[in-house]
């Protein structure tokens, strides 16, 4: 690996990302980095410990390079802390340091931060949660062992008392325009090898494995109209391929009314279009569920499972907030199907009820989306928070 070259840009925002579940962590960090560059004119250095996973959502990434510039972002390979190829003293001073999504900044770099004058603003970008306690903790500081260093907690969320969610300027308008442009949608589906006009219901299935998935596929086979289900390459696609080997070759598997097709893992802008082009999106983790909100289509969130069903606390907090303005029966239907999907319940029983409310859910999601947009986007909220907490270097964006 090539040695890092020292620079003199004191306006750098340095973001640390440790890839945990292949795509969610780097997905969030990559979108944030690009937006800070494109919309706020900030110099961003993104340190990532897994460039191979990164390449799946950004094909321009070369896993063999220790440093590369992509979309205006300086991407730096962040190897094991003991690896000598990354000398923390060679890194230029940063005005803001973001410790993203439960990763841990190496002690050697913390010491470097403490010696810097003025010390950088240190932000801990937390995981997304709808739990009430998040609002009370958002923006709080935590004094650190190194003298002079404070770490501020920044929570994404669903209210104005949090940091909001990631979205780019005019994103919702662009996706809505795509949904009404039949020719653009047709070109998009053709690039994936699909004649989408044939299908009454189009579903994207990005999910962790599910013990009762077969019961849901059986329901889709019996729909009154033709159903397309596209599965991005990955864990679930591999699992389904054991039952339907033709999926491995990119062929479409026909099961009565259901057509199953594995598609390549899409770059982020194309995944946004997929969510907008489908009538229903199954999403997992954090990055994809946020993007599902902006698509404005019905979605089902599969939260990362934890021991002793601890994940259900986080899921129920989201359901309560998401369903708060829904009619009672719609809320009950959504809640039950979400719980079924996030446990090991048979999915056949409640799928017909959930399918019947998809038109209502589509209309509701547009109102829900507008409510979230009013909270401001996470990148802009981060910039505003930084301006309040830190005297920026002269070349820091004043937009």
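The values are calculated or read from the model by the stated rules, or taken from the named source; none is laboratory data. Remember, predicted model here, so these are calculated numbers, not experimental data. Positions of Cβ are backbone-derived with ideal geometry, glycine not excepted, and every protein chain shown enters the neighbour counts.
Residues considered: 170, 207, 196, 145. Of these, the only one that is at pLDDT below 95 and within 18 Å of residue 376 (Cβ to Cβ) is 170. Number of residues in segment 1-37 that are touching a strand residue (DSSP E or B) at 6+ places or on another chain (Cβ under 8 Å), modelled with pLDDT of 90 or more and more than 12 Å from residue 101 (Cα to Cα) equals 10.
Within segment 303-347, the set of residues being crowded, with 19+ Cβ neighbours inside 10 Å, in contact (Cβ under 8 Å) with a residue 60 or more places away in the chain and touching a helix residue (DSSP H, G or I) at 6+ places or on another chain (Cβ under 6 Å) comprises just one member, 347.
Conditions (1) assigned by TED's automatic domain parsing to the domain that holds residue 58; (2) under 25 Å from the mean Cα position of the chain (by Cα); (3) within 24 Å of residue 337 (Cα to Cα), marked per residue:
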residue	(1), (2), (3)
219	no, no, yes
227	no, no, yes
238	no, yes, no
241	no, no, no
245	no, no, no
249	no, no, no
254	no, no, no
259	no, no, yes
265	no, yes, no
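Being closer than 16 Å to residue 61 by Cα and touching a helix residue (DSSP H, G or I) at 6+ places or on another chain (Cβ under 8 Å) is the filter; apply it to segment 29-43 and report the residue that is surrounded by the fewest Cβ atoms within 10 Å (Cβ to Cβ). Show your work before the answer.
Here is the first cut: in segment 29-43, the ones closer than 16 Å to residue 61 by Cα are 29-31, 33-34.
Now narrow it down to the ones that are touching a helix residue (DSSP H, G or I) at 6+ places or on another chain (Cβ under 8 Å): 30-31.
Working: 30: 25, 31: 21.
Ranking the qualifying residues of segment 29-43, first place goes to 31.
Can you pull out every residue in segment 235-274 that is assigned to a loop (DSSP other than H, G, I, E, B) and over 21 Å from residue 295 (Cβ atoms)?
Of everything in segment 235-274, those that are assigned to a loop (DSSP other than H, G, I, E, B) and over 21 Å from residue 295 (Cβ atoms) turn out to be 244, 250, 251, 252, 256, 257.
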